[in-house]
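In what follows, a structure is listed as structure tokens, so that the remarks can point back to it.
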Amino acid sequence: MRFLADIPDSDVEWLDALAAEQGVSRAELVRRAVASYRAEASGGAIDNAFGIWRDRADIGDGLRYQRRLRGKRE
């Protein structure tokens, strides 16, 4: 579906620069933004991210991984 929206020129310029950088169209960036906002507003972002590292073989035990990272900062 197509729709018309008024967006400030500075935002359009920013979108165009980002689109060029990512190699996608301005419309694709807007679609991604709407999908991201929708997931965030509905709580879907948390549900979609839950367990995302479950199958990572390079991390091993999550608690040890966390402690190892924190140890490097402290």
>> Take Leu63 and tell me if it is in a helix (DSSP H, G or I) and either of a type in the set (S, T, N, Q) or open to solvent by 60 Å² or more (accessible area, probe 1.4 Å) (or both).
In response: yes
> Can you find a residue in the range 2-14 that is touching a helix residue (DSSP H, G or I) at 6+ places or on another chain (Cβ under 7 Å) and open to solvent by less than 100 Å² (accessible area, probe 1.4 Å)?
Replying inline: no
>> Quick check on my filter: what residues within the range 21-60 are loosely packed, with under 11 Cβ neighbours inside 10 Å and either polar (S, T, N, Q) or modelled with pLDDT of 85 or more (or both)?
In response: Glu21, Gly23, Val34, Ser42, Asn48
> On the given criteria, is Ala17 open to solvent by less than 80 Å² (accessible area, probe 1.4 Å) and out of contact with any Leu (no Cβ under 6 Å at 6 or more places or on another chain)?
Replying inline: yes
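The values are calculated or read from the model by the stated rules, or taken from the named source; none is laboratory data. Everything numeric in this text was worked out from a predicted model, so none of it was measured. Neighbour counts run over all protein chains shown; Cβ positions are idealised from the backbone, glycine included. The area values use the complete protein model at the heavy-atom level, side chains included, leaving out ligands, DNA and RNA. Shrake-Rupley method; radii C 1.70, N 1.55, O 1.52, S 1.80 Å.
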